[in-house]
Amino acid sequence: MPVKNSQKIENNSRLLKEVSKDLIVSLKDKGINEGLLFDIQISFEEALRNAMVHGNKSRDDKKVKIDTEIRDDEVIISVEDEGDGFDPSRLPDPTQGDNILREGGRGVYLIKHLMDNVKFELGGRRIVMSKKLKK
Amino acid sequence: MQIRIEENSGVSICRVKGDIDINTSPEVKKFLEPVIRGKKNKVMIDFSEVNYVDSSGLATLVEVLKNMKLYGGKLKLVSLSSKVMGLFEITKLNKLFDIKTDENSALSSF
C-alpha cells in the first residue's frame, strides 16, 4: 500500500530539515540503503531550499506545499512554492566554463543527477521527482 | 555543527563536525572569515566528521576558495566520505578543489 503524505509548511529553512528527516525515517523503516537515502535527502532538501529561497524569495508570508508518496518500489516527491515560477531550461550548467566558479546554481543540477525522474510543472513553481527504491 | 581550527606545521586545519547545509554554511563562512582576512596561506578543511553537504555548503566552499586565491592561498579538502565526494564529482568541483584522501598526504603536499 502506498503511503501518501500532504502538507503545507511555513517558509522557514529550519523546518526544511524536520520535513526531510520525517521522510528519511519513513524510508529507513522500509530498509532502504544509505546511498539511496542520501540521494533522496539531498534532492528533497535542495527542492525545498529552492522553493523557500528562490520561489518564495524567503518571504515568511509564503508557504511550501509538499506531497510525498512512498510505494514499495518508488518514492515520489512534489514540492510547490508560491512564487512567480521560472524557466528550468534556462538554468546554466554549473559544470561548464566559468560557471564552476559561481557560488550558486547547483541545486537543480544535483537533483537531476541524483533522482531518476524530474519534471517541472506550473511554470516552474512545482518540481516532481521520483526515485526507484532498491533495498 | 561544530567547527574549530588548529595549527600544525604552518597549516591552519579547520575541523568540521556535522552537516554543512543551508542552516550551517553561514557559520562555516563566518568562522573562516578571520582566516581569509589574516591571509593564511595554507588551509586544510577536515571532512572526516562531515556526512552531509548541500549546494549551500558547496557554494560556501567555492566562495572561500575564490577569496583565498585572491591572495595566493592554498586550500585543501581532506577525508571526504564517498557520498560527499560523489557530490563534488557530479558538480565537477573535484577538479576545482585540491582534495586529498588523508591529512598526512595533504600536509606534505603544501
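The values are calculated or read from the model by the stated rules, or taken from the named source; none is laboratory data. Every value quoted in this text rests on a predicted model; they were computed, and no experiment measured them. Cβ sites come from the backbone with ideal geometry, for glycine too, and all protein chains shown count toward neighbours.
One line per residue, one yes/no per condition, for (1) closer than 15 Å to A:I9 by Cα; (2) more than 11 Å from the chain's Cα centre (by Cα):
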residue: A:S58; (1), (2): yes, yes
residue: A:E80; (1), (2): yes, no
residue: A:S89; (1), (2): no, yes
residue: A:G105; (1), (2): no, yes
residue: A:Y109; (1), (2): no, yes
residue: A:N117; (1), (2): no, yes
residue: A:L122; (1), (2): no, yes
residue: A:R125; (1), (2): no, yes
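The condition of being of a type outside the set (S, T, Y), closer than 18 Å to A:R102 by Cβ and either surrounded by 16 or more Cβ atoms within 10 Å (Cβ to Cβ) or within 14 Å of chain A (Cβ to nearest Cβ) (or both) holds for only one of B:A106, B:A59, that being B:A59.
Being among the basic types (K, R) and either closer than 24 Å to A:I111 by Cβ or within 14 Å of chain A (Cβ to nearest Cβ) (or both) is the filter here, so list the residues in region B:24-43 that pass it.
First pass over region B:24-43, keeping only residues among the basic types (K, R): B:29-30, B:37, B:39-40, B:42.
Answer for region B:24-43, where residues must be among the basic types (K, R) and either closer than 24 Å to A:I111 by Cβ or within 14 Å of chain A (Cβ to nearest Cβ) (or both): just B:K29.
Just one of the numbered conditions (1) buried (at least 16 other Cβ atoms within 10 Å of the Cβ); (2) farther than 18 Å from A:I127 by Cα is not true of A:D22: (1). Within the set B:D21, B:D46, the sole residue that is more than 10 Å from chain A (Cβ to nearest Cβ), buried (at least 19 other Cβ atoms within 10 Å of the Cβ) and of a type in the set (D, E, K, R) turns out to be B:D46.
Report whether or not B:N8 is at pLDDT below 95, over 30 Å from A:S20 (Cα atoms) and not hydrophobic (A, V, I, L, M, F, W, C).
Values: at pLDDT below 95: yes; over 30 Å from A:S20 (Cα atoms): yes; not hydrophobic (A, V, I, L, M, F, W, C): yes.
Yes, satisfied.
Using the structure shown, decide if A:R102 is under 18 Å from B:E89 (Cα atoms) and crowded, with 21+ Cβ neighbours inside 10 Å. Judged against the criteria, A:R102 is not a match.
For region B:66-84, a residue qualifies if it is at the interface with chain A (Cβ under 9 Å from one of its Cβ atoms) and either touching an Asp or Glu at 6+ places or on another chain (Cβ under 9 Å) or touching a residue at least 60 places away in the same chain (Cβ under 8 Å) (or both), and the qualifying residues are B:K66, B:K83.
Restricted to region A:25-45, and to residues there that are touching a residue at least 12 places away in the same chain (Cβ under 8 Å) and farther than 22 Å from A:K119 by Cβ, the residue that is surrounded by the fewest Cβ atoms within 10 Å (Cβ to Cβ) is A:G31. For region A:114-134, the criterion of being buried (at least 19 other Cβ atoms within 10 Å of the Cβ), assigned to a helix (DSSP H, G or I) and either within 14 Å of another protein chain (Cβ to nearest Cβ) or modelled with pLDDT of 95 or more (or both) is satisfied by at least one residue.
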